[in-house]
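Reviewing the structure listed below.
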């Protein structure tokens, strides 16, 4: 079975230390540690984590290099993020969220995982992100919470 390539935003890493999201976040994280899934992490996520507490940053540092792919924010992702903003999927103040979705799309992640319900993980926005993706010549992007990518018996 093909390993899932999962792009995570900063909320999932922080969720490993948040009582509300801890169980599902850590269970997903364990799958990166063992190599069951491949972690896609962007330079954007690394920048957002720079000011996070050490215990949050530690989670990312523990994932073996062989189990992760690091991606950069290039022109293609910026153009797609700009298209999301131009179409009103998110406002200009949410450019980082638009970039997270664009990076997952451009780098063909199997799924983008987030706890950001306001700007990323909600049905209305997911549909709009995907409408722009199709208009721009990309495929659909799955956007889910960690709970949704874990098998029921895993959590």
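Which peptide among 99-110, 42-53 comes first, and what is the full order, when sorted by highest mean count of other Cβ atoms within 10 Å?
Averaged packing, sorted descending, gives the order 99-110, 42-53.
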- Query: Counting other C-beta atoms within 10 Å, which of 59, 5 has the fewest, and how do the rest follow?
  - Reply: 5, 59
- Query: Given a cut-off of under 8 Å on Cα pairs at least six residues apart, what relative contact order in percent is computed for the chain?
  - Reply: 28 percent
- Note on the structure: Note on the chain, DSSP bridge orientation, antiparallel percent to nearest 5 equals 0 percent
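What value, in deg cm²/dmol to 500, does the helix sum -39500 (n - 2.57) over DSSP H runs of n ≥ 4 give at 222 nm once divided by the residues of the chain? Can you show the working numbers first?
Working: 8 runs with 76 residues, N = 155.
Counting only the DSSP helices, I get -14000 deg cm²/dmol.
In percent, what relative contact order does the range 1-70 have, based on Cα pairs under 8 Å that are 6 or more apart in sequence?
Once divided by the residue count of the range 1-70, the mean separation gives 40 percent.
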- Using only Cα atoms, tell me the angle between helix 22-34 and the longest principal axis of the chain; keep it within 0 to 90° and round to the nearest 10. 80 degrees
- Note on the structure: Longest principal axis of the chain (C-alpha) makes with the long axis of helix 95-106 (C-alpha) an angle, in degrees to the nearest 10, of 80 degrees
- Query: If all Cα-Cα distances of the chain are sorted into 5 Å bins from 0 onward, what percent lands in each bin, rounded to whole numbers?
  - Reply: 2, 10, 20, 24, 21, 14, 8, 2, 0
- Message: I'd like the FRET efficiency for residue 82 and residue 19, computed as 1/(1 + (r/R0)^6) with the beta carbon distance as r and R0 of 35 Å, rounded to 0.05.
- Response: 0.45
- Message: Please compute the length gained on full extension between residue 123 and residue 2, using 0.36 nm multiplied by the number of residues separating them and subtracting their Cα-Cα distance.
- Response: 40.9 nm
- Where in the range 120-153 does the amide nitrogen come within less than 20 Å of the point 7 Å from the Cα of residue 67, taken along Cα to Cβ? 145-153
- In degrees rounded to 10, the 0-90 angle between helix 123-135 Cα long axis and the longest Cα principal axis of the chain is 60 degrees
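None of the figures in this text is laboratory data; all of them are computed from the coordinates on show. Everything numeric in this text was worked out from a predicted model, so none of it was measured. Positions of Cβ are backbone-derived with ideal geometry, glycine not excepted, and every protein chain shown enters the neighbour counts.
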